[in-house]
Amino acid sequence: GYGCSDHYYESDTLLHSFQVLAKLLESPAAHDIICDVGMPVLHRNVRYNCRVIFLNKKILLIRPKISLANAGNYRELRWFTPWNKARHVEEYYLPRIIQEVTGQETVPFGDAVLATKDTCLGAEICEELWAPNSPHIEMGLDGVEIFTNSSGSHHVLRKAHTRVDLVNSATAKNGGIYILANQKGCDGDRLYYDGCAMISMNGETIAQGSQFSLDDVEVLVATLDLEDVRSYRAEISSRNLAASKVNPYPRIKVNFALSCSDDVAAPTCMPIQWRHHSPEEEISLGPACWLWDYLRRSKQAGFLLPLSGGIDSSATACIVYSMCHQVCLAVKNGNADVLADVRKIVNDEAYIPEDPREFCKRIFTTCYMASENSSQDTCNRAKLLAEQIGSYHINLNIDAAVKAIVGIFSMVTGQTPRFSAYGGSSRENLALQNVQARIRMVLAYLFAQLTLWTRGMPGGLLVLGSANVDESLRGYLTKYDCSSADVNPIGGISKTDLKNFIQYCIENFQLTALRNIMSAPPTAELEPLVDGQVAQTDEADMGMTYAELSIYGKLRKIAKAGPYSMFCKLINMWKEICTPREVASKVKHFFRMYSVNRHKMTTLTPSYHAENYSPDDNRFDLRPFLYNTTWSWQFRCIDKQVNAL
């Protein structure tokens, strides 16, 4: 897969890549098709990320990547070297297993294009489309008419239009046909590659692939007229002036034609309007497909979710329910691979999933873990939602376990901690909340391992976490509580987007139980009730709203703002609602809480990556986890500016 990471260092990875290439070269299915496949290639002891382009058992060109992705989730420079010899081609000596198939000893390796009998083709690789000096610009000026791009571009909410706009703009300015293929599915990591294959010509979309699908392979085709490219380019004088001065590419001659002499009457494809998903649809589909890939590849029997009756865990439950919908739809549409996976998961070779609720009952267990601090309202909301989606639901009470743990502490120390409501200190209050939260994590894993055993069914369950991206950023979670799980489908999604997603589920899945969940204030329910009602709310505990947290998160990560820069931006953004002194207080509070809790990110459950302000410490948001939480210099700069204002 694309995400081999440090396995790229291993010679085994190179060997197995060539073994697979040999199979592709020999395959009758590849006959009379110019094929463009990606693999790592070691050339003169330097490892390159390459496209290997072949036709009828002959390798035409090995094209190394020029611009490597080395930001955000990507670390290509760790494993590969960019090809820095523009328009230069060298001889590459093929390994014997390939020589035996192709009969070639050496093939061209470098920055070149392919000249067929009727057109000229150039390859672009993933990140190169996003680069400011994309190769397609000068390739197009040098007469390349068809561009291919095999990409590993992951899903982020509201990102698809950027990818589509880039491809269409590439052919709008310079003319040409652009063919984009993108990886699909979970590649064993936090990213979900969302397909969206497309074909563009002269600035317009001609064909669109699905963005979210359980199909492993999707083939996109279009019939286009090369003369349309030539006539489009003919009237762009600025392009033609630049083309007359361009430094030419080496051309590899290919004795093959993409067209035929009698295709004059063949109908060509017309432009289409790209259909974008709403963010709510993206949340419903993207994480659902990711969960399905994770489930089938981990060979587990389903999921277990601690369902609290709040927005976050309910949204997670809805994503699993959406996954069940997608699975039933794929089977109905004849996807034999999905059906085979379903039967392995449920351990029934005759089973056919037709009803999402019935399938949900087989593979999804929800568990409400009550304590003396839980309200009847959240219990009822969790139970009703479980009934409506069809999950196997468990109600249990954790008070006995909490009393046992606190009893051990009291027996050893002679001291009994109390909640603040009963006269205890803030340290006692927080410790008692954390005991409840951590016991829930222990019970979640116990029930995940043994629930199916009690039902006479084989296998175990994957535990789902449900901390959202804003809570992780603020650190508003207990280390090793129910935020600790196997995977978390909402860990990269904001509270605001989750609320909108809940509304989407009410309307599209008819889950009426969600109405009461939407209207209830978010609460951890870890402190004593007052007159039977919840007195603790998340936003009061955090000292900031979820809307503010999203803004802090985007400024900190996407806008690269430290405390002082964030203050300077917010005094303008919030000038109608806050004084500079109030803004300063809010910014300071956020950075204190963020830095105090940053250590929690080192153990954060692997989450679906959906937002570019994710605080995931694994490889995306690389920062210290031990801070000077006073931020003395930065805060003094803020104070100085406040006094000046």
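The values are calculated or read from the model by the stated rules, or taken from the named source; none is laboratory data. Predicted, not measured: the structure shown is a model, and the values here were computed from it. As a convention, Cβ positions derive from the backbone with ideal geometry for all residues, glycine included, and neighbour counts pool all protein chains shown.
State all residues of the stretch 157-173 that are out of contact with any Pro (no Cβ under 9 Å at 6 or more places or on another chain) and not in a helix (DSSP H, G or I); if no residue qualifies, say none. Residue satisfying the conditions is LYS159 alone. Taking the stretch 412-449 only, how many residues are within 17 Å of GLU525 (Cα to Cα) and assigned to a loop (DSSP other than H, G, I, E, B)? Residues flagged as within 17 Å of GLU525 (Cα to Cα) and assigned to a loop (DSSP other than H, G, I, E, B) within the stretch 412-449 amount to 2. Looking only at the stretch 558-579, count how many residues are out of contact with any Leu (no Cβ under 7 Å at 6 or more places or on another chain) and free of Cβ contacts under 8 Å to residues at least 60 places away in the same chain. The number of residues fulfilling the criteria is 13. With the structure loaded, tell me whether PRO521 is touching a residue at least 12 places away in the same chain (Cβ under 8 Å), within 28 Å of TRP292 (Cα to Cα) and more than 27 Å from the chain's Cα centre (by Cα) or whether it fails that test. Against the criterion (touching a residue at least 12 places away in the same chain (Cβ under 8 Å), within 28 Å of TRP292 (Cα to Cα) and more than 27 Å from the chain's Cα centre (by Cα)), PRO521 does not qualify. The condition (being surrounded by 24 or more Cβ atoms within 10 Å (Cβ to Cβ) and out of contact with any strand residue (DSSP E or B) (no Cβ under 9 Å at 6 or more places or on another chain)) is satisfied by just one residue among ALA288, ALA317, ALA330: ALA288. Residues of the stretch 272-285 that are part of a helix (DSSP H, G or I) and surrounded by 17 or more Cβ atoms within 10 Å (Cβ to Cβ): PRO279, GLU280, GLU282, ILE283, SER284, LEU285. Of the helices (runs of 4 or more DSSP H) entirely within the stretch 303-385, those holding at least 3 residues that are of a type in the set (Gly, Ala, Ser), within 17 Å of PRO287 (Cα to Cα) and in the same structural domain as LEU511 (by TED's automatic domain parsing) occupy 311-332. Condition (residue is within 16 Å of ASP194 (Cα to Cα), at pLDDT below 95 and touching a helix residue (DSSP H, G or I) at 6+ places or on another chain (Cβ under 6 Å)) applied to the stretch 170-180: is it met by at least one residue? No - not one qualifying residue is present in the stretch 170-180.
The residues on offer are ASP194, ASP189, ASP216, and the sole one that is under 30 Å from ASP6 (Cα atoms), touching a residue at least 24 places away in the same chain (Cβ under 8 Å) and exposed (fewer than 13 other Cβ atoms within 10 Å of the Cβ) is ASP216. Among the candidates ALA243, ALA266, the residue that is under 30 Å from GLY175 (Cα atoms), surrounded by 15 or more Cβ atoms within 10 Å (Cβ to Cβ) and in contact (Cβ under 8 Å) with a residue 40 or more places away in the chain is uniquely ALA243. For the stretch 477-496, the set of residues classified as at pLDDT 90 or above and of a type in the set (A, V, I, L, M) consists of ALA485, VAL487, ILE490, ILE493, listed by residue number. In this structure, is GLU10 over 15 Å from SER150 (Cβ atoms) and either in contact (Cβ under 8 Å) with a residue 24 or more places away in the chain or assigned by TED's automatic domain parsing to the domain that holds ILE137 (or both)? Spelling it out, it is not the case that GLU10 is over 15 Å from SER150 (Cβ atoms) and either in contact (Cβ under 8 Å) with a residue 24 or more places away in the chain or assigned by TED's automatic domain parsing to the domain that holds ILE137 (or both). Scanning the stretch 492-501 for residues that are of a type in the set (A, V, I, L, M, F, W, C) and either outside any helix (DSSP H, G or I) or over 30 Å from ARG619 (Cβ atoms) (or both) turns up just one, ILE493. If you go through the stretch 370-411 and keep only what is small (Gly, Ala, Ser) and within 18 Å of GLU525 (Cβ to Cβ), you end up with ALA370, SER371, SER374, SER375, ALA382, ALA386, ALA400, ALA401. Answer yes if at least one residue in the stretch 625-643 is within 21 Å of ASP312 (Cβ to Cβ), touching a helix residue (DSSP H, G or I) at 6+ places or on another chain (Cβ under 9 Å) and not assigned by TED's automatic domain parsing to the domain that holds PRO489, and no otherwise. For the stretch 625-643, residues within 21 Å of ASP312 (Cβ to Cβ), touching a helix residue (DSSP H, G or I) at 6+ places or on another chain (Cβ under 9 Å) and not assigned by TED's automatic domain parsing to the domain that holds PRO489: absent. Counting only residues that are buried (at least 18 other Cβ atoms within 10 Å of the Cβ) and within 20 Å of the chain's Cα centre (by Cα), the stretch 557-611 holds 9 of them. Any residue at all in the stretch 91-100 that's of a type in the set (A, V, I, L, M, F, W, C) and within 23 Å of THR148 (Cα to Cα)? Within the stretch 91-100 (the criterion being of a type in the set (A, V, I, L, M, F, W, C) and within 23 Å of THR148 (Cα to Cα)), the answer is no, since none of the residues qualifies. Across the stretch 389-401, the qualifying residues are those that are surrounded by 17 or more Cβ atoms within 10 Å (Cβ to Cβ) and part of a helix (DSSP H, G or I), and the one among them that is nearest to the chain's Cα centre (by Cα) is ILE389. Taken residue by residue, the stretch 465-474 has no member that is outside any loop (DSSP other than H, G, I, E, B), free of Cβ contacts under 8 Å to residues at least 40 places away in the same chain and among the hydroxyl-bearing types (Ser, Thr, Tyr). Residues in the stretch 477-506 that are surrounded by fewer than 24 Cβ atoms within 10 Å (Cβ to Cβ) and among the aromatic types (Phe, Trp, Tyr): 2 in all. Restricting ASP12, ASP36, ASP32 to residues that are touching a strand residue (DSSP E or B) at 6+ places or on another chain (Cβ under 9 Å) and either outside any strand (DSSP E or B) or more than 22 Å from ILE125 (Cβ to Cβ) (or both) narrows the list to ASP32. Residues that are over 20 Å from GLY543 (Cα atoms), touching a Lys or Arg at 6+ places or on another chain (Cβ under 6 Å) and in a helix (DSSP H, G or I) do not occur anywhere in the stretch 617-625.
Filtering HIS599, HIS609, HIS589 for residues that are in a helix (DSSP H, G or I), closer than 29 Å to VAL487 by Cβ and either outside the structural domain of ASP293 (by TED's automatic domain parsing) or modelled with pLDDT of 90 or more (or both) leaves a single hit, HIS599. Identify, please: which residue in the stretch 622-643 is surrounded by 18 or more Cβ atoms within 10 Å (Cβ to Cβ) and of a type outside the set (Phe, Trp, Tyr) and is, among those, farthest from GLY475 (Cα to Cα)? Filtering first and then ranking leaves ILE638.
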